[in-house]
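J.: Here it is, the structure, as C-alpha cells.
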Ligand code: UDP
C-alpha cells in the first residue's frame, strides 16, 4: 500500500532543492507525493523554464513521464506576485510565522479530502524551518515528518540550547572571549567561534529568533526526522541524536535520481559548459555565495582584486542583490571584466551542480551553505570557506577542522585581497585533492545499494509502514 506524502518546502532555493531531491527519492520507493510550492515560487519557475506553466506542466513533469506519482499544487504566500519579498523580508516572514498557518492547514485538509488516500496513510513532510509544521500536522492528524536540511551538528547544538544556557554559553557573553564547549552529547569539543551565528549574536531579530528557535522546539514533536547528512560524516552526532529523536541520516538527497530532469532553478541559468571545456583540468575556481546571502561592495571588491592577484581562471556567480550597498552593475571594480578577459567569467546564476561536476573545476570558494558543501564533496572539489551567517560557520568547522577537505578564508566581513589571493593559490595547488576524493567516495557509497543512507531510508520506509498500515 502506497503512503501519500504532502511535501512543502521553505520557499527559498537552498531549501527547495533538497526537498525536491527527497520527493524524487520517496516517489522512486513507491510513495505518492503531493508537492506544494507557493504561487510566487511557481511564478519564478515558469518564468525561468519554458516547460513549467501550470499544474499539468510543472517542475515534476519529466518525473511523471518516468512513471513517478508526483502531484503538484500551489498556495499563496499572502503577497501579490510583484511584491518585493527580499526588500520586505521581515513583513514576509511575519506573515509566514503568524497567518500562513491557517491557509496551509485549509489546503492540507482539502488535499486529504479530495485525494484517493485515507488520512492515516498521509504524512506531512516539511522543512523543519517551516514554522507551522508541528501544529498543522497535529491539527490535521497526519504523521509528522520533519526534514532537517543542515548538518546533524547544527541540530544537536540547537536541540541542546538548554545546556548552552546552563553553562553560560547562551545568550552570548558580552566579553567576546573564545571558549570551548565540551558537554553537548555527540558533539566533539567545539569553539564558541564555530557556533551558528544566531547563537553568537546578542541582537538576533524577533523573526529569526521565532524561526530558528521555533524549529529547534518543533522538531521535538516530529514522528520522524530525516537528516540531509551522511552517518559516516558525523557518526557520533547522528548516533547521539538517535538516542533522543527518531532520526534517519539519508543524505545527500539531491543526487539519487540524476537522470530525471527537474526544473528547479528560480533564476535563469547561464550555461558554463562550453567555457569550462576550453580550460585545462582542475584550473578553474568556482565562486558563489548561494542564493540569498548579502555582503558589501567592499567585500566584493577585495575578492575581485584577490582573483586578479591569484591569476586564476574563475567562474563567479554575482547575483543582482549580492551587495546591500550597491547594485549588480556597479558592485565590481571599474573595468574588472575587461581586465580578467578570458580568465574569468561573471554570471548572474548557473547550474551549480553542472559546474561542480566539470573536470575543469579545481576548487570552490563558498559561503558554506549546506547544499553547496554537499555538492562540492559529491564532486570531490576542495573548498575555500567564507562563511557569513546562520549555520555557515558551523559547516565550515566540519569542512576545515573535521574533514580537512578545505581551508578557511576568513571570519566576518573584513577580508583582504592578499588573503583571498594567498588562500586561492594554496587551495588550487592540489594539496586537498586526495582527501576530497576520499569524501567523494564516502558520499557516493552512502547512497549506493546497501550504503548507510540507502539503508536508513529503507529503515524509515519500514518504520513508517509499521506506523500507518
Ligand atoms: N545554486 C545554483 N546556482 C548558483 C548558485 C547556487 O544552482 O548560481 C544552488 C546550489 O546548487 C545549491 C543552492 O543553490 O543547491 C544554494 O544552497 P546553499 O545551501 O548552498 O546556500 P543558500 O542559498 O541556502 O544560502
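J.: Can you work out which of the residues in region 337-367 that are over 20 Å from the mean Cα position of the chain (by Cα) and under 23 Å from residue 410 (Cα atoms) is farthest from the ligand (Cβ to nearest atom)? If you could, list the steps in order and put the result at the bottom.
T.: As a first pass, look at region 337-367 and keep what is over 20 Å from the mean Cα position of the chain (by Cα): 337-347, 358-362.
Checking which are under 23 Å from residue 410 (Cα atoms) leaves us with 344, 346, 361-362.
Working: 344: 15, 346: 11, 361: 13, 362: 18 Å.
Looking at the filtered set, the residue picked out is 362.
J.: Something else about it: Test each condition in (1) within 16 Å of the ligand (Cβ to nearest atom); (2) modelled with pLDDT of 95 or more for residue 264 and report the one that comes out false.
T.: If we test residue 264 against (1) within 16 Å of the ligand (Cβ to nearest atom); (2) modelled with pLDDT of 95 or more, just (2) comes out false.
J.: Please go through region 2-17 and give me each residue that is in a loop (DSSP other than H, G, I, E, B), more than 9 Å from the ligand (Cβ to nearest atom) and under 16 Å from the mean Cα position of the chain (by Cα), ordered by number. Explain how you work it out, then say what you get.
T.: First, the residues of region 2-17 that are in a loop (DSSP other than H, G, I, E, B): 2-3, 9-12.
The next check asks that each one be more than 9 Å from the ligand (Cβ to nearest atom); those that pass are 2-3, 9-11.
Hits for region 2-17 are 9, 10, 11.
J.: In region 436-469, how many are on the phi > 0 side of the Ramachandran plot and surrounded by 18 or more Cβ atoms within 10 Å (Cβ to Cβ)?
T.: Initial filter on region 436-469 (on the phi > 0 side of the Ramachandran plot): 450.
From the residues that got through so far, the ones that are surrounded by 18 or more Cβ atoms within 10 Å (Cβ to Cβ) too are none.
Qualifying residue count for the region: 0.
J.: In the set 33, 108, which member is within 22 Å of the chain's Cα centre (by Cα) and touching a residue at least 24 places away in the same chain (Cβ under 8 Å)? Don't jump to the end; show me each part of the working.
T.: On the way: 108 fails: within 22 Å of the chain's Cα centre (by Cα).
On inspection, the qualifying residue turns out to be 33.
J.: Related question: Go through region 448-469 and give me each residue that's touching a helix residue (DSSP H, G or I) at 6+ places or on another chain (Cβ under 8 Å) and either at pLDDT below 95 or not in a helix (DSSP H, G or I) (or both).
T.: Of everything in region 448-469, those that are touching a helix residue (DSSP H, G or I) at 6+ places or on another chain (Cβ under 8 Å) and either at pLDDT below 95 or not in a helix (DSSP H, G or I) (or both) turn out to be 448, 451, 468, 469.
J.: Can you tell me which condition residue 287 does not meet? The list is (1) touching a strand residue (DSSP E or B) at 6+ places or on another chain (Cβ under 6 Å); (2) part of a loop (DSSP other than H, G, I, E, B); (3) farther than 25 Å from residue 123 by Cα, and all the others hold.
T.: (2)
J.: Scan region 277-296 for residues that are more than 16 Å from the ligand (Cβ to nearest atom) and at pLDDT 95 or above and jot them down. Can you show your working first?
T.: First pass over region 277-296, keeping only residues more than 16 Å from the ligand (Cβ to nearest atom): 277-283, 296.
If the condition is that a residue be more than 16 Å from the ligand (Cβ to nearest atom) and at pLDDT 95 or above, then 277, 278, 279, 280, 281, 282, 283 are the ones that fit.
J.: With (1) within 15 Å of the ligand (Cβ to nearest atom); (2) under 26 Å from residue 431 (Cβ atoms); (3) over 21 Å from the mean Cα position of the chain (by Cα) as the list, and residue 309 as the residue in question, which single condition is left unmet?
T.: Looking at each condition in turn, residue 309 falls short on (1).
J.: Please verify whether residue 327 is closer than 27 Å to residue 25 by Cα, away from the ligand (no atom under 16 Å from the Cβ) and not in a strand (DSSP E or B), treating the condition exactly as stated. Before the answer, list the steps.
T.: Details: closer than 27 Å to residue 25 by Cα: no; away from the ligand (no atom under 16 Å from the Cβ): yes; not in a strand (DSSP E or B): yes.
When the stated conditions are applied, residue 327 does not pass them.
J.: Taking the conditions exactly as written (crowded, with 21+ Cβ neighbours inside 10 Å, out of contact with any strand residue (DSSP E or B) (no Cβ under 8 Å at 6 or more places or on another chain), at pLDDT 95 or above and farther than 21 Å from residue 456 by Cα), does residue 194 satisfy them or not? Talk me through it step by step, then tell me what you get.
T.: On the way: crowded, with 21+ Cβ neighbours inside 10 Å: yes; out of contact with any strand residue (DSSP E or B) (no Cβ under 8 Å at 6 or more places or on another chain): yes; at pLDDT 95 or above: yes; farther than 21 Å from residue 456 by Cα: yes.
Criteria met by residue 194.
J.: In region 253-284, how many are part of a helix (DSSP H, G or I) and within 30 Å of residue 449 (Cβ to Cβ)? It would help to see each step written out before you state the result.
T.: Keep residues of region 253-284 that are part of a helix (DSSP H, G or I), which gives 253-255, 273-277.
From the residues that got through so far, the ones that are within 30 Å of residue 449 (Cβ to Cβ) too are 253-255.
Qualifying residue count, region 253-284: 3.
J.: Condition first: buried (at least 19 other Cβ atoms within 10 Å of the Cβ) and not in a helix (DSSP H, G or I). Now tell me which residues in region 76-116 satisfy that.
T.: Across region 76-116, the qualifying residue is only 77.
J.: Within region 53-75, can you find the residues that are part of a loop (DSSP other than H, G, I, E, B) and either more than 23 Å from the chain's Cα centre (by Cα) or over 30 Å from residue 97 (Cα atoms) (or both)? Before you say what the answer is, go through the steps one by one.
T.: Step one: list which residues in region 53-75 are part of a loop (DSSP other than H, G, I, E, B), which gives 53-60, 66-69.
Result: 53, 54, 55, 56, 57, 66, 67, 68, 69.
J.: Determine whether region 391-399 contains at least one residue that is within 16 Å of the ligand (Cβ to nearest atom), within 16 Å of residue 304 (Cβ to Cβ), touching a strand residue (DSSP E or B) at 6+ places or on another chain (Cβ under 9 Å) and touching a residue at least 40 places away in the same chain (Cβ under 8 Å).
T.: no
J.: Sticking with this structure for a sec: For residue 242, which of the numbered conditions (1) more than 20 Å from the chain's Cα centre (by Cα); (2) farther than 30 Å from residue 418 by Cβ; (3) away from the ligand (no atom under 16 Å from the Cβ); (4) in contact (Cβ under 8 Å) with a residue 40 or more places away in the chain fails to hold?
T.: So the condition that residue 242 fails would be (4).
The values are calculated or read from the model by the stated rules, or taken from the named source; none is laboratory data. Predicted model only: the values in this text are computed from it and were never measured. Counting neighbours? That spans all protein chains shown, and the Cβs are built from the backbone with ideal geometry, glycine included.
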